[in-house]
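The values are calculated or read from the model by the stated rules, or taken from the named source; none is laboratory data. Just so it is clear, the structure is predicted and the values come from calculations on it, not from any experiment. Glycine gets a Cβ as well: all are built from the backbone with ideal geometry, and neighbour counts include every protein chain shown. Heads up: the accessible areas ignore ligands, DNA and RNA and are worked out on the full protein's heavy atoms, side chains in. Shrake-Rupley method; radii C 1.70, N 1.55, O 1.52, S 1.80 Å.
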Amino acid sequence: MKPLPSKDEIRQWISENPGLAAKRDIARAFGIKGDARIALKALLRELEGEGVVEKSGRRFRAPGILPPVAVLQVLAPDAAGDLFARPLEEGVEEGPRILIVPKKGDPALGAGDRILARLAKVEAEDRDYEARLIRKLGSNPAKVLGVFRQGAEGGRIVPIEKGSDREWRVASDMTGGARDGELVEAEAVGGRRLGLPAAQVVARLGDPAGPRAASLIAIHQHGIPDVFPDAVIAEADRAEPVGMKGREDLRDLPLVTIDPVDARDRDDAVYAEADTDPGNPGGFVIWVAIADVAHFVTPGSALDREARRRGNSTYFPDRVVPMLPDILSGDLCSLHEGVDRACIAVRMVIDKDGHKRSHRFVRGMMRSVASLHYAQVQAAVDGAPDEKTAPLVDWVLKPLYAAYAALKQAREQRQPLDLELPERKIELGEDGRVVSVAFKERLEAHKLIEEMMILANVAAAEELIRLKRPLLFRVHEEPSPLKLEGLREVAEGAGLTLAKGQVLQTRHLNRLLAQAEGTEFDELINLSTLRSMTQAYYHPENFGHFGLALRNYAHFTSPIRRYSDLIVHRALISAHGWGQDGLSAWDEENLEETGKLISEAERRSMAAERDTNDRYLAAYLADRVGAEFAGRISGVQRFGVFVRLDETGADGLIPVRALGREYFNYDEGSQTLRGSETGLVLGIGQKVMVRLAEAVPVTGGLILELLSVEGAAMRPSRRSGGKYQPRKPAQAAAKRRLVRKRR
């Protein structure tokens, strides 16, 4: 039987692991099993009696050390705007500095609020603990973001959220010096009595219509952390290039990076060659090398805590809010051309049909032979190389495309969901204003990198499953029966069919998409299929990836910009014994919570990016109010119809009140509005002509007027106050049908 640890060893371990100090955690840490647990229990009682440790619930802690969950009182913000708190636990001094780390959905906190929070001990210059809110025990002021409008006795705040008409009153002594038209942040003060609710300006954010204001509004509105704490910057500044010790030398491999033309960080590099193994005729060896971020961002460090808090990088047309400071994301971690860079790489062997036969992971050192962009690579392979790609075409680029051709065969056999939804790109001029809006070109070079990254992600998941190591899977569950039935109704309404009475697979959805391809219902079916999907998320349990038609899938290929990938890298490091910077005990214990946090951060970033694009598009179209546009109905709600404009991809709203005097019945199942008098049906995918009635850059809102639906002209009606209605012949025909039905 293994001897019990000494009292000093137990006390030290409890002090260093306050979040893992239950009896079972202590037993696991010291390898105590069976009957020895009884002796450990007695030893812990002795330590408690001597005052060396204290017990809170099932966990032990050193005297004066805060428990994992504690009641705190919020202090006033410091000079940097950070909120700290003091503990209200008995027997704990007020000395520990506790930083409150907010997450999406948390209520705003103010000085004096009492909260229940989960604590994590940290080693940082400016704090001793980090606190994450569980629930608020006291009252808090509501946060308000809007445009300040000056008045005779103070002013008011006009909201910037689309669809919100709630304004706030600001007393003359609570304006904070705000000027008319400025974007401000405010806090609610007091309860609502008569008239508008009251607020106090706490921050002035500048001109809401100024260049690059759209992303600033989104960052502030969605609570995206965009300033790195001093401790994080200091830690990043201390980072140095990595040496060769303990690494496999991959510098002779002609790896290349292929990214967007304006990329600053380069996570991944690729190389492929024909497999010389006679047992694999027509097969290929593919190398995918990924930046070794785990070497620089170690568990529990200031960099690690901030990266986990951010979850991912957020991309706007005018800026990037990175997960890591630029010295790492843009330099030391980035796989730049011609310099030695630390990496975690996977060597994969595929057969002639693109199926993976084997894989091997290494922690290595690489040197990219070229930093290329997608259009440049595609042009080179299509016969128009430039000075940089010409020497690489035959021995680097063509083998990559040959391997990709094999991977395409495997993809076609697997049948992942094949949606065609073009992505728009907003280009800004030097003054920060929109100069053009176009749809991104999707080249074979894009698909090549995508397929190789998917293959590497699958290999990472399979490797960690084989080695029985914890990790975060990328999970995408199949659609709910309710959403699937809604999609089936839409398909049947378009004269198409979706298989019923069998286990749904992506190939069934692809058959539906193929039926619609090239018809007037193409966009309708693509949009409806997308809306039937569940949202992907991160979780330590493997529920598969429905959209990619993959059983095992994890994110491995983008650790510079996604925390999920960093967790997978650490798991690989631990699994292979590559160093002390692998997955920590705390990482493992909190995997589910980490998955939830970074899934929420991903949704937060997506919402901020979408809102920013909407604001830029509204600004771009603001001087074209009154112009007519072709578009398609992209969404139907009880309150109106959303239309996506063909020219820009911008979404605008036709309010239901603007559709005419008649009542429109909303059918949630078929996602349609039907006129009670005319029988006019409006549904997703229909072609329409609209007039731009209003464009509001601050909110990103576009209000449209309906002119025609798939060739059926509309005209203003005096009876409806100038709103647009179907022409009378259509109304008369509808009435005749109604009369015949009554007879």
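Before moving on, here are some points about what is shown:
- Any hit, segment 145-162, residues being part of a strand (DSSP E or B), touching a Leu at 6+ places or on another chain (Cβ under 8 Å), modelled with pLDDT of 85 or more and open to solvent by 40 Å² or more (accessible area, probe 1.4 Å): yes
- One residue stands out in segment 486-516 among those that are among the small types (Gly, Ala, Ser) and touching an Asp or Glu at 6+ places or on another chain (Cβ under 9 Å): the one that is most open to solvent (accessible area, probe 1.4 Å), namely Ala514.
- Residue that is farthest from the chain's Cα centre (by Cα), among those in segment 28-42 that are more than 23 Å from Trp586 (Cα to Cα) and assigned to a loop (DSSP other than H, G, I, E, B): Asp35
- Selected residue (only one of Ala494, Ala549, Ala499, Ala516 is of a type in the set (A, V, I, L, M, F, W, C) and within 30 Å of Trp287 (Cβ to Cβ)): Ala549
- Filtering segment 439-457 to residues that are open to solvent by 20 Å² or more (accessible area, probe 1.4 Å) and either part of a loop (DSSP other than H, G, I, E, B) or of a type in the set (S, T, N, Q) (or both) leaves Lys440, Glu441, Arg442, Leu443.
- Subset of segment 228-267 that is open to solvent by less than 20 Å² (accessible area, probe 1.4 Å) and under 25 Å from the mean Cα position of the chain (by Cα) - its residue that is nearest to Pro559 (Cα to Cα): Asp267
- Check on Glu412, part of a loop (DSSP other than H, G, I, E, B) and open to solvent by 50 Å² or more (accessible area, probe 1.4 Å): no
- Verdict on Ala375 being at pLDDT 90 or above and in contact with a Lys or Arg (Cβ under 9 Å, 6 or more places away or on another chain): no
- Single residue of segment 471-481 satisfying the filter (surrounded by fewer than 17 Cβ atoms within 10 Å (Cβ to Cβ) and within 30 Å of Thr594 (Cβ to Cβ)) that is farthest from the chain's Cα centre (by Cα): Ser480
Conditions tested, residue by residue: (1) open to solvent by 10 Å² or more (accessible area, probe 1.4 Å); (2) under 26 Å from Pro422 (Cα atoms); (3) not basic (Lys, Arg).
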position	(1), (2), (3)
Arg624	yes, yes, no
Ala630	yes, yes, yes
Gly640	no, yes, yes
Val643	no, yes, yes
Glu647	yes, yes, yes
Gly652	no, yes, yes
Leu659	no, no, yes
Asp667	yes, no, yes
Val681	yes, no, yes
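- Condition met for Leu421 (under 30 Å from Ala619 (Cβ atoms) and open to solvent by 10 Å² or more (accessible area, probe 1.4 Å)): yes
- Segment 359-371: number of residues that are open to solvent by less than 10 Å² (accessible area, probe 1.4 Å) and either over 18 Å from Glu273 (Cβ atoms) or in a loop (DSSP other than H, G, I, E, B) (or both): 1
- Selected residue (criterion: modelled with the lowest pLDDT) from residues of segment 111-131 that are open to solvent by less than 30 Å² (accessible area, probe 1.4 Å) and either closer than 29 Å to Gly700 by Cα or charged (D, E, K, R) (or both): Asp113
- Of all the criteria given as (1) surrounded by fewer than 16 Cβ atoms within 10 Å (Cβ to Cβ); (2) under 30 Å from the mean Cα position of the chain (by Cα); (3) aliphatic (A, V, I, L, M), the one not satisfied by Ala390 is (2).
- Which listed residue, of Thr497, Thr557, is in a loop (DSSP other than H, G, I, E, B) and modelled with pLDDT of 95 or more: Thr557
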